[in-house]
Amino acid sequence: MRLKIIMLMTALLILTGCSSFREIDVSEDGETRRITTEDTNEIDIPAQPENIVLFRTIDAGNAALLGFDVSGVNAGLKNNSTVEEEFGSEVTYLEPGDIDSLKEINPDLIVTYSPDEHFEAYMEIAPTIRITYSSGIMSPFNPRAYLTQLYYLGVILNKEQEANKIGDEWEAETTVLKRELYEQVEDRQALVAVEHEDGYVMYNEYMSYGTEAVYDVLGFQMDSNAKDNLKDSLFDVKQPADFREFEADYMFVNVENTNNPALQEEFAEVLGIPSDHVILLNSEDYITNDLISVREQTEYIVNKINEAGE
């Protein structure tokens with residue numbers, strides 16, 4: 001059920017739009033900032049929020065990257081290593097719409113996804129900002145949606161310059177990460193899938209579950225038939241045999257159990273590739289596409305690819 005919720009949330013995170021995130025005013029005492037967003041329009045928020053709740057899975061890691069503690073995050077991140085390492089046991093895991101638990105935290109700022117059916121209820125507790133997951137036509141990081149989201153959070157947390165600097169430095173860092181590969185993969189094709197209770201769902205670029213690391217950072221290509229399939233059948237549940245119609249040199253599969261040689265063999269036979277080219281990813285760690293996670297995901301994938309080439 002939780003995977004279904006996360007997939008639904010991710011489905012809502014593929015819309016595009018222009019960015020209007022910016023500060024437009026600061027109160028005379030400096031304690032309140034007024035910002036405008038593409039969804040929430042103008043809103044007054046604390047200049048230095050101290051009790052932040054983040055319902056979007058991407059925002060927790062990015063908040064840590066910008067130097068902020070977080071009081072509450074989406075319950076879907078309960079076993080995520082980035083959240084555990086950055087916030088430890090201090091953070092509260094919240095199911096979306098759990099108003100009673102949210103009131104116990106008493107947040108001074110809430111950031112959630114758009115659309116969110118609980119938005120009005122959240123607004124009664126604290127200033128709440130909805131964000132559409134988009135590359136943002138006016139974003140300085142278009143088309144990298146995951147960097148645009150860092151920029152948006154930077155505007156919200158009064159760390160816009162820091163977010164811009166981190167994003168600018170990331171391009172140089174990706175070059176370093178790619179150099180760790182024994183063999184470059186820009187001419188190789190890859191598919192990314194996520195385990196579902198009834199099969200597997202194929203994911204497009206900039207949709208979390210390692211897609212940023214695979215397609216953007218490392219430069220893998222996607223088979224044209226797979227691209228066409230995603231246009232027509234995004235989030236259709238497939239069986240391993242259904243992937244036979246696609247070309248791939250590598251297959252990345254997000255699963256709960258990464259020690260499953262039989263699954264590797266099954267996908268390898270279907271795609272006609274070596275079994276060590278089927279790389280199983282821990283879905284709990286790969287659901288997020290914050291910059292901390294993308295970096296760690298890339299390092300893991302690089303190591304696995306290099307091991308396959310030895």
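The values are calculated or read from the model by the stated rules, or taken from the named source; none is laboratory data. Nothing here was measured: the structure is a model prediction, and the numbers come from that model. Reconstructed Cβ throughout: ideal geometry from the backbone, glycine too, with neighbour counts over all protein chains shown.
Below is a table of values for the structure above.
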quantity: Check on ASP44, charged (D, E, K, R) and within 17 Å of ARG130 (Cβ to Cβ); calculated: yes
quantity: Helices (runs of 4 or more DSSP H) within the stretch 98-207 that include 2 or more residues without any contact (Cβ under 8 Å) to a residue 24 or more places away in the chain; calculated: 99-105, 119-123, 160-179
quantity: Members of the stretch 267-287 that are assigned to a loop (DSSP other than H, G, I, E, B) and touching a Phe, Trp or Tyr at 6+ places or on another chain (Cβ under 9 Å); calculated: ILE273, ILE287
quantity: Given (1) modelled with pLDDT of 95 or more; (2) small (Gly, Ala, Ser); (3) over 21 Å from TYR209 (Cβ atoms), number of the condition ALA75 does not satisfy; calculated: (3)
quantity: Residue tally, condition crowded, with 20+ Cβ neighbours inside 10 Å and more than 19 Å from ASN204 (Cβ to Cβ), over the stretch 140-154; calculated: 5
quantity: Single residue of the stretch 109-154 satisfying the filter (β-branched (Val, Ile, Thr), modelled with pLDDT of 95 or more and over 17 Å from the mean Cα position of the chain (by Cα)) that is farthest from ASN289 (Cα to Cα); calculated: ILE125
quantity: Residue, nearest to GLU183 (Cα to Cα), within the stretch 238-266, restricted to residues that are touching a Leu at 6+ places or on another chain (Cβ under 9 Å) and assigned to a helix (DSSP H, G or I); calculated: GLN264
quantity: Any hit, the stretch 286-302, residues being under 25 Å from the mean Cα position of the chain (by Cα) and either at positive phi or of a type in the set (Lys, Arg) (or both); calculated: yes
quantity: Candidate set from the stretch 155-182 (those that are of a type in the set (Lys, Arg) and more than 23 Å from ILE24 (Cα to Cα)); member that is nearest to the chain's Cα centre (by Cα); calculated: LYS178
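Results for (1) hydrophobic (A, V, I, L, M, F, W, C); (2) closer than 14 Å to GLN297 by Cβ, shown as yes or no for each residue.
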| site | (1), (2) |
| --- | --- |
| LYS165 | no, no |
| VAL176 | yes, no |
| GLU180 | no, yes |
| GLU186 | no, no |
| VAL194 | yes, yes |
| GLU197 | no, no |
| LEU230 | yes, no |
| SER233 | no, no |
